[in-house]
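Only the coordinates and a few stated rules stand behind these numbers; no lab work does. Just so we're clear, the structure is a prediction, and the values are computed from it rather than from any experiment. Because the Cβ atoms are built from the backbone with ideal geometry, glycine has one as well, and the counts that use them run over all protein chains shown.
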Amino acid sequence: MDINEASSSSTPKEDSERTSGFYQRNPLEIGASLRNLVNRGVVLTVEQGNKRTATRLLDVDFARNALIFEEINSVSQNSAVLSSHKLFFHALLGGVRVEFATGRARQIIFQSNPTFEVDFPPSVLCVQRREYFRVHTPVVEPYLCNGTLPDGELFSYEVHDLSLSGVALRTHHKRVAFIAVGSTWYDVTLQLGPLQKVFLNLTVASYRQSRAANGEPQYIVGLKFAPLPDVARNSLQRLIVELEMKRRSMVCHTQ
């Protein structure tokens, strides 16, 4: 496979001001993330020393904690892969960049074809571009945002979608139509499932009216984090990536 087929939008060392990520270290979690790459047929870039080429994961062997990937259509590149003591892989899965490093590759036969095999990486880094990536949150048992409006009124709105820059809330209460853009909601709580809470301040950025699935009018208010604490950022980063990977896994299984 030619290297031009692989993702080249960025290098493994992303600008920390533009991206954020977290490490997966549990073997089951690592295997599930890499299985998504197999199911989607995602092209990976593999780097060995100062050389790089493209490949695809063919299988994730949970019993042996091993990954199987394609040989490259070049004798010299295959030799470079086999002689390298460390291999670096990276790929894009939707808005998520997946990066990992492995030890030395072994040449094996898989489904009657010559392929490469490596042991599971000790960790997988999932990197998200902050300014572009937003996920919809569960509709069944929705996440909630609770707090006090600037006029002192208590509120509890459902979370419509989520990113590292802000959150969109949905409600049937027309009250939000009269909240001024630019106003700040202090000491707000995001209830992200039964066990996770994030405490922060929000600034109103936008407002729009829409309709719910049952046809009833609903109101969507967009809010920016002002600012987002580091602890909260790490929690949200992990949740956002997990939601997106779960969504893509479900889409893959329905195809």
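Strictly over 24 Å apart at the Cα level, which of LYS197/LYS246; LYS174/LYS246; LYS174/LYS197 would you flag in this model?
Exceeds cut-off: LYS174/LYS246; LYS174/LYS197.
Through the Karplus equation 6.51 cos²θ - 1.76 cosθ + 1.60, θ set to phi - 60°, convert the phi angles of the stretch 180-192 into ³J(HN,Hα) values in whole Hz; use x for Gly and Pro.
Residue by residue, the stretch 180-192 yields 6, 4, x, 6, 10, 9, 9, 6, 8, 10, 9, 9, 9 Hz.
Using the number of other C-beta atoms within 10 angstrom as an exposure proxy, rank THR148, THR55, THR203 with the fewest first.
By the 10 Å Cβ count, ascending: THR148, THR203, THR55.
Would you look at the GNM of the chain, springs on alpha carbons closer than 10 Å, and say which of GLY193, GLY215, GLY49 moves the most?
Answer for the Gaussian network model of the chain: GLY215.
Under the rule of -39500 (n - 2.57) per DSSP H run of 4 or more residues, summed and divided by the residues of the chain, what mean residue ellipticity at 222 nm is obtained, to the nearest 500 deg cm²/dmol?
-6000 deg cm²/dmol
So what's the net charge close to PHE62: Lys and Arg +1, Asp and Glu -1, counting the other residues with Cβ under 15 Å from its Cβ?
-3
How many angstrom lie between the Cα centre of the stretch 37-100 and the Cα centre of the stretch 176-231?
40
For THR171, what is the net charge nearby, where nearby means another residue's Cβ is under 15 Å from its Cβ and Lys, Arg count +1, Asp, Glu -1? Write down the numbers at each step before the final one.
Numbers: positive: ARG170, LYS174, ARG175, ARG208, ARG211; negative: GLU153, GLU158, ASP161, GLU216.
Here the charged neighbours net out to +1.
On full extension of the chain, what length is gained from ASN73 through ILE109, given 0.36 nm per residue of separation minus the C-alpha to C-alpha distance? Let's see the in-between values first.
Numbers: separation 36, 0.36 × 36 = 12.96 nm, distance 1.57 nm.
Answer, rounded to one decimal: 11.4 nm.
Fewest to most neighbouring Cβ within 10 Å: what's the order for ARG208, ARG97?
Fewest-to-most ranking of ARG208, ARG97: ARG208, ARG97.
What number do you get for the stretch 135-251 when its Cα radius of gyration is normalised by 2.2 N^0.38 Å, N = residues?
For the stretch 135-251, the normalised Cα radius of gyration is 1.04.
Considering only SER79, MET245, HIS173, whose Cα is most displaced toward the positive end of the charge dipole of the chain, charges sitting on Cβ of Lys, Arg (+1) and Asp, Glu (-1)?
HIS173
Tell me, what ³J(HN,Hα) does each residue in the stretch 209-222 have, in order and in whole Hz, if you take phi through Karplus 6.51 cos²θ - 1.76 cosθ + 1.60 with θ = phi - 60° and put x for Gly and Pro?
Karplus values, whole Hz, x for Gly and Pro: 9, 9, 10, 6, 4, 8, x, 6, x, 9, 10, 10, 10, x.
At most 10 other Cβ atoms within 10 Å and a DSSP loop assignment: could you name the trypsin sites (Lys or Arg not before Pro) in the stretch 99-165 that fit? Write out the running numbers ahead of the final one.
Working: sites: ARG104, ARG106, ARG129, ARG130, ARG134; in loops: ARG104, ARG130, ARG134.
Those that pass, being in a loop and sparsely packed, number zero.
Relative contact order (percent) for the stretch 141-193, with alpha-carbon contacts under 8 angstrom and 6 or more residues of separation?
46
Of all the stretches in the chain, which is the longest one without any exposed loop site, taking GluC sites (Glu not before Pro) in a DSSP loop (any state but H, G, I, E, B) with at most 12 other Cβ atoms within 10 Å? Spell out each step's value before the answer.
Values: sites that count: GLU17, GLU131, GLU153.
The longest uninterrupted stretch comes out as 18-130.
PHE62 versus SER156, label points 7 Å from Cα toward the beta carbon: distance in nm?
If labels sit at PHE62 and SER156, their model points lie 3.7 nm apart.
Considering every Cα-Cα pair within the chain, what fraction, in whole percent, is farther apart than 35 Å?
29
Where does each of VAL140, VAL98, VAL42 land when they are ranked from fewest to most other beta-carbon atoms within 10 angstrom?
VAL140, VAL42, VAL98
So which lysines pass the test for LYS51, namely a Cα distance under 30 Å, with those fewer than 8 places away in the same chain ruled out?
Qualifying lysines at Cα under 30 Å: LYS13, LYS86.
Summing +1 for each Lys or Arg and -1 for each Asp or Glu, what net charge is found among the other residues whose Cβ lies under 15 Å from the Cβ of GLU153?
Its environment carries a net charge of 0.
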